[in-house]
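Encoded as structure tokens, the structure appears first; notes follow it.
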Amino acid sequence: MATYTITVNERSSSGKALMAYLKALGVLVHKVSPKEKSSYLRSQEDKQAGRIEKFSSSEEMFESLGI
């Protein structure tokens, strides 16, 4: 038995129809949704990639932003 992974937009009419068809055939085992990264993990990735700027004061930050 082969295992296939497909991405289906369940909000479209054709996606709904395809999901209903697969459920009716009994071949749909389970639905997997991608997990989003937490804000903490995204912030750690930003820090490691060097996308973080440090300022000693709020005035320095506003100057950098041109405000």
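The values are calculated or read from the model by the stated rules, or taken from the named source; none is laboratory data. Being a predicted model, the structure only gives us computed values, none of them experimental. Cβ: placed from backbone, ideal geometry, glycine included. Neighbour counts: every protein chain shown. The area values use the complete protein model at the heavy-atom level, side chains included, leaving out ligands, DNA and RNA. Shrake-Rupley method; radii C 1.70, N 1.55, O 1.52, S 1.80 Å.
Report yes if L22 is surrounded by 10 or more Cβ atoms within 10 Å (Cβ to Cβ) and in a loop (DSSP other than H, G, I, E, B), otherwise no. Lay out the reasoning, then the answer.
Details: surrounded by 10 or more Cβ atoms within 10 Å (Cβ to Cβ): yes; in a loop (DSSP other than H, G, I, E, B): no.
In short, no.
Looking only at residues of the range 26-57 that are of a type outside the set (S, T, N, Q), assigned to a helix (DSSP H, G or I) and open to solvent by 100 Å² or more (accessible area, probe 1.4 Å), we find that the one that is farthest from T5 (Cα to Cα) is K47. Among residues of the range 1-12 that are at negative phi and assigned to a loop (DSSP other than H, G, I, E, B), those with a Cβ under 7 angstrom from a residue that is surrounded by 10 or more Cβ atoms within 10 Å (Cβ to Cβ) and not polar (S, T, N, Q), sequence gap 6+ or separate chain, pair up as V8/G15; V8/L18; V8/M19; N9/G15; E10/K16; E10/M19.
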